[in-house]
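Participant: Below is a structure I'd like to ask you about.
The values are calculated or read from the model by the stated rules, or taken from the named source; none is laboratory data. This structure is a prediction, so every number in the text was calculated from the model and none was measured. Heads up: the accessible areas ignore ligands, DNA and RNA and are worked out on the full protein's heavy atoms, side chains in. Shrake-Rupley method; radii C 1.70, N 1.55, O 1.52, S 1.80 Å.
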Amino acid sequence: MNELKRLARVHDEDLAGQASGAGARALLAAIIAEEPVPEHARHRTRRVRRLVVGAVALGGLAAAAVVGPTVLGERGPATSYANSAIDIELRGDTYVATIKDPFADHAKYTEGFKAVGLNVNLEVVPASPPWVGKIAGMSLSGPLAPNGESIGSGTAPEGCTIGQDGCAITVTVPRGWTGWAAVRVGRAAEPEERYRNLARATRKGEMLEGFQVDEKTVGEVLAEVRRRGLRAVFQVITPAPDFDGYGVEQDKQQAEVGDDWIVWEAESEQAGVVRLLVTKERLPKNPIYGGPKPASMNE
């Protein structure tokens with residue numbers, strides 16, 4: 001087998017991913033994630049990569065320069081901050097960050113959080129409709145806030161619909177939280193823009209909601225894709241049993257996928273397009289889940 005060009009990508013909306021095995025547990029002991037790992041978790045490779053990527057993303061950020069008298073006072077970080085992309089205000093025991101420009105460079109958001117003493121690397125990414133305005137991915141390290149609360153999302157005004165005039169995405173962080181976080185929040189995608197939350201296309205609200213794709217042939221899945229007025233693209237995957245997961249070899253992506261190939265998962269690629277993860281041969285177990293796909297993964 002050629003060297004795997006890329007390890008299995010992590011489904012961002014799982015938040016904590018699906019890790020198992022001694023290696024992952026050792027990493028989790030060092031990098032403490034808030035979200036519980038599901039009992040069916042099997043993706044050691046994908047989980048490890050995701051945590052490492054989150055750490056690298058944070059480590060690679062340059063310290064943002066902040067100006068203005070309200071940024072740092074004599075007694076420490078300010079309780080409020082504003083720039084062209086984000087407003088942050090301490091309300092009671094919670095910092096509420098209101099995203100004014102969802103298309104801004106994410107460094108602008110990080111600048112705001114640093115100004116109020118929070119180590120949060122926030123990205124606002126194009127997402128499939130069910131994840132607009134919601135946290136579509138998060139990696140955490142460090143202790144929880146004293147009251148046990150963590151980072152959340154919402155809207156301003158509360159309960160409004162993202163995309164309507166005057167409705168903004170908000171991110172909330174407890175005042176006593178002292179760890180670091182890499183957070184992705186979904187925004188509506190522009191026409192032809194690819195999603196970055198990598199949602200499973202069979203989940204509620206997604207394009208193939210209610211349809212089981214795993215272990216069906218490409219021909220069977222394509223019939224349903226076309227019936228719903230959608231288009232499909234393919235990603236050829238290669239089982240990686242040594243890592244209890246799968247990989248992607250770029251030189252195989254130009255292969256002519258036949259109707260008798262096997263589909264193991266479907267992801268939302270962009271509006272009207274789903275990505276089918278396929279292999280040429282039928283395998284003894286689903287390489288993505290290490291066995292049958294859990295029913296909860298479609299909810």
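Participant: Report the per residue volume, in Å³, of the convex hull enclosing the C-alpha atoms of the range 87-144. Walk me through the numbers before you get to the answer.
Facilitator: Details: hull volume 6.2 nm³, N = 58.
So the per-residue Cα hull volume is 107 Å³.
Participant: Non-local amide H neighbours of Val273 (under 5 Å, H modeled in plane, Pro and chain starts lacking H): which ones?
Facilitator: Arg231
Participant: When you have a sec, figure out the Kirkwood radius of the range 112-173 from all distinct Cα pair distances and drop it here in Å to one decimal?
Facilitator: 13.3 Å is the Kirkwood radius here.
Participant: When the solvent-accessible surface of protein heavy atoms is calculated with a 1.4 angstrom probe, in what order do Phe103, Phe234, Phe113 fall, highest first?
Facilitator: Correct descending sequence by accessible area is Phe103, Phe234, Phe113.
Participant: While we're looking at this one, here's another question. Per the 1.4 Å probe, what fraction of the accessible area of the range 178-299, in percent, lies on carbon and sulfur atoms?
Facilitator: Answer for the range 178-299 is 49 percent, counting heavy atoms of protein chains only.
Participant: While we're looking at this one, here's another question. May I ask for the Kirkwood hydrodynamic radius of the range 160-214, worked out over all distinct Cα pairs and given in angstroms to one decimal?
Facilitator: Computed over the range 160-214, the radius equals 14.7 Å.
Participant: With the other protein chains left in place, how much accessible area per residue, in square angstrom, belongs to the range 89-182 at a 1.4 angstrom probe?
Facilitator: Using a 1.4 Å probe on heavy atoms only, each residue of the range 89-182 averages 42 Å².
Participant: Return the whole-Å distance between the Cα centroid of the range 95-118 and the Cα centroid of the range 233-290.
Facilitator: First find each Cα centre; the distance between them is then 37 Å.
Participant: Normalise the Cα radius of gyration of the range 143-276 by 2.2 N^0.38 Å (N = residues in it) and let me know the number.
Facilitator: So the range 143-276 has a normalised radius of gyration of 1.37.
Participant: Using a 1.4 Å probe, what is the accessible area per residue for the range 200-247, in Å²?
Facilitator: Solvent-accessible surface per residue comes out at 48 Å².
Participant: Report relative contact order for the range 183-299 in percent, whole number only (criteria: Cα-Cα under 8 Å, sequence separation at least 6).
Facilitator: Averaging sequence separation for qualifying contacts and normalising by length gives 32 percent for the range 183-299.
Participant: For the range 123-172, which whole-number percentage of the solvent-accessible area (1.4 Å probe, protein heavy atoms only) is attributable to carbon and sulfur atoms?
Facilitator: 51
Participant: Also, I was wondering about something else. Given the range 214-299, what percent of its DSSP beta bridges are antiparallel, to the nearest 5?
Facilitator: Close to 65 percent.
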